[in-house]
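Q: Before anything else, here's the structure in question.
Derivation of every value follows stated rules applied to the coordinates shown; laboratory data play no part. The structure presented is a predicted model; accordingly, all values stated were derived computationally and were not measured. Counting neighbours? That spans all protein chains shown, and the Cβs are built from the backbone with ideal geometry, glycine included.
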Amino acid sequence: MNIGILISGRGSNLEAILKANKEGKIKSNIKVVISNKEHARGLKIANDYGVKAVYINPSDFSDREEFDKRLIQELEKYSVDLVVLAGYMRILSDVFIEKFEGRLLNIHPSLIPAFQGLKPQKKAVEYGVMYSGCTVHFVTKELDNGPIIIQAVVPVLPDDTEDTLEKRILKYEHRIYPQAIKWFEDGRISLNGRKVYVKDAVYGTLPTNPKLEDF
Ligand code: GAR
């Protein structure tokens, strides 16, 4: 299977995925990493792992759809079967989502459907919830709200800041995202409306559900 990864910044999830790939836990070919930000640290990480890193400048395009068509063109060059959003902070147009629907994944640092959109860790701290976490889900036209593959839950502590909560959640992001990709490449994920089922996974566990197997 060929994978394309879209990023906008730091690239720590990208790095976790590339590391899992290097270690042979994820077996697919990660063909290309594309950023909409020129100085995204993730582009350097891709280079360090010997993966093609491409920057596409949104201001070269008249609108979102034109930019996304260019993205599609780049991903098609590599016959990408799965598109992974790893901290990609730009809203995708319908044209893009329709093209890759069912093979387009995202990670979001909250327990969806809570705290969708920007700054979910800050919103969780301010709201005073006792638990938050992260979610890997299929991308649909509704922002941060597609069918859920796996979630990890972490406690929120009384003196947490956005920053401390972000760090606690991120540790689990780096485990659940490679795991979900591995399940996808192994053909174990099936989708029935909003419901996702991972074949032979162990359900009913904490802090992740389903249970992590390889990460
Ligand atoms: C991650 O926390 C990811 O879950 C979040 O951006 C961060 C990117 O970090 N994504 C979203 O909020 C998407 N709505 P990274 O570049 O170090 O992987």
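Q: From a point 7 Å beyond the Cα of GLU101 in the direction of its Cβ, which residues of segment 138-180 have a backbone N at a distance under 20 Å?
A: Counting backbone N atoms under 20 Å from the label point, the list is 138-149.
Q: Oh, and also: Ranked highest first by the average count of other Cβ atoms within 10 Å around their residues, in what order do 94-105, 195-206 fall?
A: In descending order of packing, they fall as 94-105, 195-206.
Q: Quick check on my link table: of LYS119/LYS167; LYS22/LYS141; LYS69/LYS141, which ones sit more than 22 Å apart, alpha carbon to alpha carbon?
A: Working: LYS119/LYS167 13 Å; LYS22/LYS141 32 Å; LYS69/LYS141 16 Å.
Beyond 22 Å between Cα atoms: LYS22/LYS141.
Q: Okay, moving on. ARG90 to ASN2: FRET efficiency via 1/(1 + (r/R0)^6), r the Cβ-Cβ distance, R0 22 Å, to the nearest 0.05?
A: Details: r = 22 Å, r/R0 = 1.00.
Once rounded, the FRET efficiency stands at 0.50.
Q: Would you mind getting the Kirkwood hydrodynamic radius of the chain from its Cα pairs, rounded to one decimal in Å?
A: 17.5 Å
Q: Hey, with R₀ at 25 Å, roughly what FRET efficiency would ASP163 and VAL54 work out to, going by the Cβ-Cβ distance, to 0.05?
A: Between ASP163 and VAL54 the formula returns 0.25.
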